[in-house]
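Below is one structure; the comments refer to it alone.
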Amino acid sequence: MNPFEQPTRQSIIAILFILGRIFRILLRQLWVLILVFVFNPKKQAFSSFTIGIIGLAAVGAVASVISYFRLYFYIKNDELVLEKGVLRKKKVTVPLDRIQSVNFKQTLLHQILNVVSVEVDTAGSAGKEFSLQALKKEEANALRDYIENNRKVIAASRGGQKEKDVFSAEKEEALEEKTPAKLLFELSPSDLIKIGVSQNHLRTAGIIMVFFLSFFDDVEDALDLKLTDRLEEFLGLAQEADFLPYLLIGIPFFLGISFFLTLFRTVLQYFSLKFWRTPLGFKMESGLFTRQEVSANLQKIQYVRWDSSPLKRVFKMVAVRLPQAASIQVTRKLSANVPGCYHEHLSAIRQAYFPKEKEYAETAHGINWRIMFRMFLKQGVVPVALLMLVSYSWLGNGIWVWLLWLPAALWLAYLFYKNWHWYVSEEGIRTSWGVVSQHAILLQWYKVQAVSIRQNYFMKRRGLAHLVLFTAAGAVKVPYVRVEKAREVQDFVLYKVEVDGRSWM
């Protein structure tokens, strides 16, 4: 029975989230003026331009509230329909079998009010056409269950199968409904701390620095502070005394702030993470203040990727990504990406994605040694040349110290070459590479959409090529292989794709 046959509105609570979104936009535009009003009230801040922005925001708020009453969704003729618009009405229709996933998101306010934000991802969507701000949790679950329980039957009937095949699909769905979801693993607080410690803290430091530099002038002007002059005065005094002690204190302090921010963010985002094996694939729940529930349909998962940093290897953990065939709007934030798990959990995920992986013998291959020249040029020669050029004005003849990096760069290039391996079996390929951070990908042949052999002038002269395997969720590249071997693999993969009757999505 279709519970959404009649046009249905969101929960009335959605108005709160609509107004909240407008308030956040206004806050991002006028935060400098708010600083002036709080800390420097004597300064004239509210110009006619500012009043105009506030007026436009007020008009937008009224229009958004009206849009709530003009938005309906329903399911009719095996299609999910969304009608919206104030002055111009818009109707969006997507067949149920085209829907890739239905994901839930709950902020702290969502959890208090027992509603969820619903994101419906469709293949080929140019935007988030199906995005509901607030839906009662019971209705959201009913919507997702109805879509998932009817998708296979609809796909079978659209494909022109015989009536008995459709009946078999219905029977398979009924069996899946009786199969309970299995909890594969749950991250404990100590696991989250390990993951937070092993995250990329330099990236957080870079974000903080860019944010600070972007708004430094605005804050200085708003509060009538001469921060630039004071900083120059401080640096001048520091140079007279000795800049090195300040540097030795400042850098660890800055990195310490980045470390704690990354750790705090990781714990909040992945708090109480649970990873389930469902009849249709995987489901991940995580978050403290913002609770997310993300589904990954096993049929849509194109390949499995896992990565490990040096600290993750100390903790015997890996980060896992499950790229899905979906629209260009699927972000990492809404993807089934596990920030860290143990190797037994990875084995369970690989087993679900590629059940017969261990039954097929693998043939190990490496890459050509000439890739070391490319890596040495990229990581050694070019950076050293740029550093020497930039630092000549203040180092003088001391720029030759940068040459000390070249032996280390050559050693890293050698390790990169030695660590790059790819393993081919009858039904798939597994790649592994990396020096400091290590990476691996597992791909089944029938998921491949196209195979490309790429060569530049240098590679063509030496009979080398990049072998690129394209999937609906990105490409897997094997660099610097003999062109004869690349063409052999290309022919084999295209043959496997042609004769394999399984659907890649």
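Since every read-out is calculated from the coordinates, none of them should be taken as a lab result. Everything numeric in this text was worked out from a predicted model, so none of it was measured. A quick note on method: Cβ atoms are made from the backbone with ideal geometry, for glycine too, and the neighbour counts reach across all protein chains shown.
Can you give the FRET efficiency for Leu298 and Lys496, using 1/(1 + (r/R0)^6), R0 = 25 Å, r = Cβ-Cβ distance, to the nearest 0.05?
So the FRET efficiency works out to roughly 0.80.
Modelled label positions at Phe289 and Phe69, each set 7 Å beyond Cα in the direction of Cβ, lie 3.4 nm from each other. Going 7 Å from the Cα of Leu109 along its beta-carbon direction, which residues of segment 276-300 have the amide nitrogen within less than 18 Å of the resulting point? What the label zone holds, given the 18 Å backbone N cut-off, is 288-292.
At a Förster radius of 51 Å, what calculated FRET efficiency corresponds to the Cβ-Cβ distance of Lys84 and Lys358, to the nearest 0.05? For R0 = 51 Å, the calculated efficiency reads 0.55.
In order along segment 252-268, the phi-based Karplus estimate (6.51 cos²θ - 1.76 cosθ + 1.60, θ = phi - 60°) of 3J(HN,Hα) comes to x, 5, 5, 5, x, 4, 4, 4, 5, 5, 5, 4, 5, 5, 5, 5, 5 Hz; Gly and Pro are listed as x. Compared with the alpha-carbon gap, the fully stretched path from Glu488 to Val436 is longer by 15.5 nm at 0.36 nm per residue. Here the label points at Thr93 and Ile25, each 7 Å from Cα along the C-beta direction, are separated by 3.0 nm in the simple model. Placing a label point 7 Å from the Cα of Gln351 along the Cα-to-Cβ direction, the residues of segment 280-316 with a backbone N closer than 16 Å are 281-282.
Given in Å, the Rg to one decimal and the Dmax to the nearest whole number for the Cα atoms of segment 416-479 are 12.7, 33.
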